[in-house]
1. Going by the structure shown, is LYS49 of a type outside the set (A, V, I, L, M, F, W, C) and under 12 Å from LEU29 (Cβ atoms)?
2. Can you name every residue in region 131-144 that is in a helix (DSSP H, G or I) and open to solvent by less than 100 Å² (accessible area, probe 1.4 Å)?
3. Take region 79-90 and flag every residue that is of a type outside the set (Ser, Thr, Tyr) and surrounded by 13 or more Cβ atoms within 10 Å (Cβ to Cβ).
4. Name the single residue, out of those in region 17-30 being farther than 15 Å from GLU91 by Cα and open to solvent by 50 Å² or more (accessible area, probe 1.4 Å), that is modelled with the highest pLDDT.
5. So which residues in region 76-95 are closer than 18 Å to GLU30 by Cα, modelled with pLDDT of 95 or more and not in a strand (DSSP E or B), if there are any at all?
6. Would you point out which residue out of GLY40, GLY109, GLY14 is in a loop (DSSP other than H, G, I, E, B), surrounded by fewer than 18 Cβ atoms within 10 Å (Cβ to Cβ) and at pLDDT 95 or above?
Amino acid sequence: EVSYPVSTATLDRGSPFHRWLVRQPTEELEERVNEYYPIGELQDIIVRKRGKSRRVTELQIVGTESQVVVTGLKIRWVLGLKDTLFTLDKEHDAGGRTSHYVFAGKGWGHGVGLCQVGASRMAQSGAGYKEILKKYYQDIKVSRYY
């Protein structure tokens, strides 16, 4: 039997999706947001709520013409990010205006279930499908259905 640490993060550390950083100029992000919502000039982005996995579940985007609350997977699409597990930082210019939005995140997916990179690494290390499934889905019983 192959032994793995409890944290699945160790299995995907070598992946380019384990940790990522996206630094977007305000103008570019504003253009992207306006493709989904007509907010006008981007004034602010505020993380309003996080789920149990610490992923952003509710995001407020404030513009000069309107503001919107974005939820769920649409957060990824609107911001152009790999995942909703991120922190948000803002860089300011000499005049105090936000010049860039910086998203530092982890992963690439929905945050539920089996990590494909981690499962692949387990298989490469000799783990069978039952071990892999039990790693990601606790308290399951793997048996024949037919």
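The values are calculated or read from the model by the stated rules, or taken from the named source; none is laboratory data. For clarity, every value in this text was computed on a predicted model and none was experimentally measured. Glycine gets a Cβ as well: all are built from the backbone with ideal geometry, and neighbour counts include every protein chain shown. These accessible areas exclude ligands, DNA and RNA; they are computed on the full protein's heavy atoms, side chains included. Shrake-Rupley method; radii C 1.70, N 1.55, O 1.52, S 1.80 Å.
1. On the way: of a type outside the set (A, V, I, L, M, F, W, C): yes; under 12 Å from LEU29 (Cβ atoms): no.
Judged against the criteria, LYS49 is not a match.
2. If we filter region 131-144 for residues that are in a helix (DSSP H, G or I), which is where we start, we get 131-136.
Correct list: GLU131, ILE132, LEU133, LYS135, TYR136.
3. To start, the set of residues in region 79-90 that are of a type outside the set (Ser, Thr, Tyr) comprises 79-83, 85-86, 88-90.
Listed by number, the residues that qualify are LEU79, GLY80, LEU81, LYS82, ASP83, LEU85, PHE86, LEU88, LYS90.
4. Within region 17-30, the match that is modelled with the highest pLDDT is ARG19.
5. Matches in region 76-95: VAL78, LEU79, ASP93.
6. Working: GLY109 fails: at pLDDT 95 or above; GLY14 fails: at pLDDT 95 or above.
The match here is GLY40.
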